[in-house]
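For reference, the structure is listed below as structure tokens.
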Amino acid sequence: MPAIGGSKALWRQSLTSASRTALACTIVGCITLFGPSPVQRIITFPAFSYVTVILIVNDAVLGDTLRGCWLALYATAQSIGPAILSLWLIGPSRLTRGTTSLAVALAAFVVVALPSEWTHLIATRIALGEIVIVYVMAYVNGAHTDPIMHPLRLAASCAIGAFACVLALLIPFPRLACREVKQNNKLLAQNTIERLKLLVNAICEEDKIAAVASVSRAKALATCRTELLHNIARCQEGVKWERPPFLRSLDMSPSRERLEEVDTTLRGMEMALRTINSFPVTILDKDLRHNLNRLEDHFGLTIKNAQHNINGCSLTVPEPSTKSITHFLQSLQTIPIAHQDMPSFFFLFCAKLLHKKSMAKSPTSIEEKQKDENPSESKNQLANWSMTSTIPKLIPAFKCSLSLGLAVLLGLIYSKQNGIWAGLPVAISFVSSREPTLSIANVKAQGTVMGTVYGVLGCFVFERFLPIRFLSLLPWFIFTSFLQRSRMYGKAGGISAVIGAVLVLGRKNYGPPSEFASARILETFIGLSCSILVDLVFVPKRASSCAKIELARSLASIHDSFGSLSLVVGKTSLEDNVKKLRKQVNELKKFVAEANQEPNLWFRPFHSSCYNKLVKLLSELTDLLHFEAHALKILRHEFQRNETSWKEAVEATLEPNIGNVREVICSSVKSFEEICEIKSLRFLEEELEKNNINCDLESGKSPKSQIRLVSSLSEDDVERAIESYLQNSRNAVDTIYGSEEGERELKSEVCLSLSALGFCLSAYMRKTMEIEEAIKELVQWENPSREINLYHISCKIHAVPK
């Protein structure tokens, strides 16, 4: 299978995106530069036509473009209608710099704060851009401004840009979201089959070197899978706009939940293979190896069948194949004696889980999916929707209105004729969520300068040849399409570079290009400075601080999840805790990624390597808890069905084994959470002094504490605890189940589940030890002159009165 992210694919994507953008800008250029005089008189703001094209058509499919046109229409109605009324009431001749800035700020506040299901980011940016242009240009032109036709001409300019986008996505053939999703689903299916094949080959290898090579290749394919999922998610909304309403209930691809579960199961197989120390694997005889290959073929067949199903998720396979796989999984009737064999059993547990997922049928319509949803979850979603729709988004709205009003005011003070270019960059780059402000502003400024310089050079070289000057944009579109995919500039820098060049090369009769370029660069700097200033005032908390807070929350969720580990039915739902934990770990990833882009300035550098290690460990723990939840579900169901036989074994032996592990892990994770929550060690010591508490552990003057860290356990302690659990599990299974044919399937399922539970318990303790080392490294980084002992710090925290 070829690499998804290879150079050929990257060139193809970039050329496709660049050619569509170039075609749309060419259409706008032909209409605004060479169109009939009546049309040119209507389109008095060609710059905004180009901006509309960049906002809508950039790396879009036909469905996205259709949605973008509808959003442009909605944004125009949202901004132009009130603008006509206000200009008619006030009168453009009465506008001053102050009243213009105030009008822009008030209109921006209303647009951003207005809750609506159609308030998409594209609509908000277009509306804000129109607000800046309509009021600033009304102030610039003064009494010559027609309060009705002036906003309508701006609306016509936006409409031309939207029309050019649709045309560009249809010529020479439409770029359909349906086709993109279908192709990516096909590649995703091939990717999944190939990964499973490599993992099965790895466990069947005779030596460790070959097994490690197969696992490495599977890991590389997992990276490609992330890109494919991103492409599918990006096109999903466009698919809806390409279909008639009566066909929108049909889903073209497996649900995201199903894809995530399959990927988690494959990651579990990788985890098992990484912990196998010796090859060949002793428990795999000839029949097991053969049947593992049959399981691989079975899963591949279900995936291929899904490709031919219109719903993409109704998986069916021939009955003989299904029966043979089921019988093969029943052949394991024992629990491993030594802990070294647990990874192999965990691999087979994941294989059985994958087999179950492939045989399960997903809902095929929206109505069926809604029936399968948790009623309480649906109620929560409804409550959340009602809250977000009734409570205005005041903070983002106030930030936006203040930064936009300030940018317009300072821009007009610097230059009345070019004041529009201070507010427009702020408007079209609006975001409602957090972002690394300084880094984003830096790449926007660099992109604007690069694009503007390129435009000036193009005007200089092709001064007398307007068509050729316009065609010189094509190589720039190609370059900036790569720029948007780069780590250095990203989408913000790439789009700024595109707009910078288009506004210079795509217009005429606006004065010397060099003067326009310098004025626009200075005005853009003013606008970005205002945006940075407002963001620093309203979001003073740095991403690094947010990452530490989110780390503490993730540890608290892990504590709750570990507290749910029990074979006794009636404990807290582990599945709910795992979902909550996964969301928080994803939030932590976002903050860590943002903190990595933050400049240090006068702050301590962000310890990115340590945080990345913690994110990786927390993600692995989340996956392990996912498998633990499946194993416990099977075991609890069996114990509930046969409660009399299992009661003594569970209460007397297995539950105490699990309880001991749960106790030490929960104690450790709680300590880590408390350490992450304190402001600093100096603050902790000041609190102890304030309360006259002597907490000298070396002299024995310390309050008694029940803290128990996992680092207090040796490797031998971990092995003894797991081997005790395995021995008790073997005794229980051998006592309860006989050799009757009817009990073989149940016995096999219980053996695999108990073995997987043992593997997870062992991994929990080792991962918790690694987390402890990472937390210690993080605290040491923050306190380089101190000797760090996490147990001592925990005792001090407990000594402080609450």
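What follows is calculated from the coordinates using simple rules that are stated; it is not laboratory data. Remember, predicted model here, so these are calculated numbers, not experimental data. Don't worry about glycine lacking a Cβ; one is built from the backbone with ideal geometry, like all the others, and counts go over all protein chains shown.
FRET efficiency for residue 773 and residue 41, Cβ-Cβ distance as r, R0 = 56 Å, nearest 0.05? For residue 773 and residue 41, the calculated efficiency is 0.20. Full extension of the chain between residue 106 and residue 680 gives 202.4 nm of extra length, using 0.36 nm per residue less the Cα-Cα distance. Arranged from fewest to most other beta-carbon atoms within 10 Å of their beta carbon, 450, 269, 769 become 769, 450, 269.
Pulled fully out, how much extra length does the chain show between residue 216 and residue 786, if you take 0.36 nm times their separation in residues and subtract their Cα-Cα distance?
Values: separation 570, 0.36 × 570 = 205.20 nm, distance 3.98 nm.
Separation in residues times 0.36 nm, less the Cα-Cα distance, equals 201.2 nm.
Its alpha carbons give the stretch 435-583 an Rg and a Dmax of 24.5, 84 Å.
With neighbours defined as other Cβ atoms within 10 Å of a residue's Cβ, the residues 242, 687, 787, 651 order from fewest to most as 787, 651, 687, 242. Residues 93, 496, 157, ranked from the fewest to the most other C-beta atoms within 10 Å, line up as 93, 157, 496.
Between the stretch 147-167 and the stretch 430-485, what's the alpha-carbon centroid distance in Å? One Cα centre to the other: 23 Å.
Given 219/633; 548/767; 182/613, which pairs have Cα atoms separated by over 24 Å? Check vs 24 Å cut-off fails for 219/633; 182/613. With viscosity 1.306 mPa s and temperature 10 °C, the Kirkwood radius over alpha carbon pairs of the stretch 432-505 converts through Stokes-Einstein to a diffusion coefficient of 127 µm²/s.
When the C-alpha to C-alpha distance is required to be over 32 Å, the pairs from 8/240; 444/580; 8/580 that qualify are 444/580; 8/580.
Counting 0.36 nm for each residue step from residue 549 to residue 486 and taking away their Cα separation leaves a gain of 19.7 nm.
Residues in the stretch 32-37 carry Karplus couplings, in order, of 7, 9, 10, x, x, 4 Hz; the curve used is 6.51 cos²θ - 1.76 cosθ + 1.60 with θ = phi - 60°, and Gly or Pro positions show x. The modelled label-to-label distance between residue 278 and residue 77, using points 7 Å beyond Cα along the C-beta direction, is 7.4 nm.
For the pair residue 148 and residue 260, label points projected 7 Å from Cα toward Cβ lie 5.4 nm apart. Spin-label model, residue 334/residue 587: points 7 Å from Cα along the beta carbon direction are separated by 4.8 nm.
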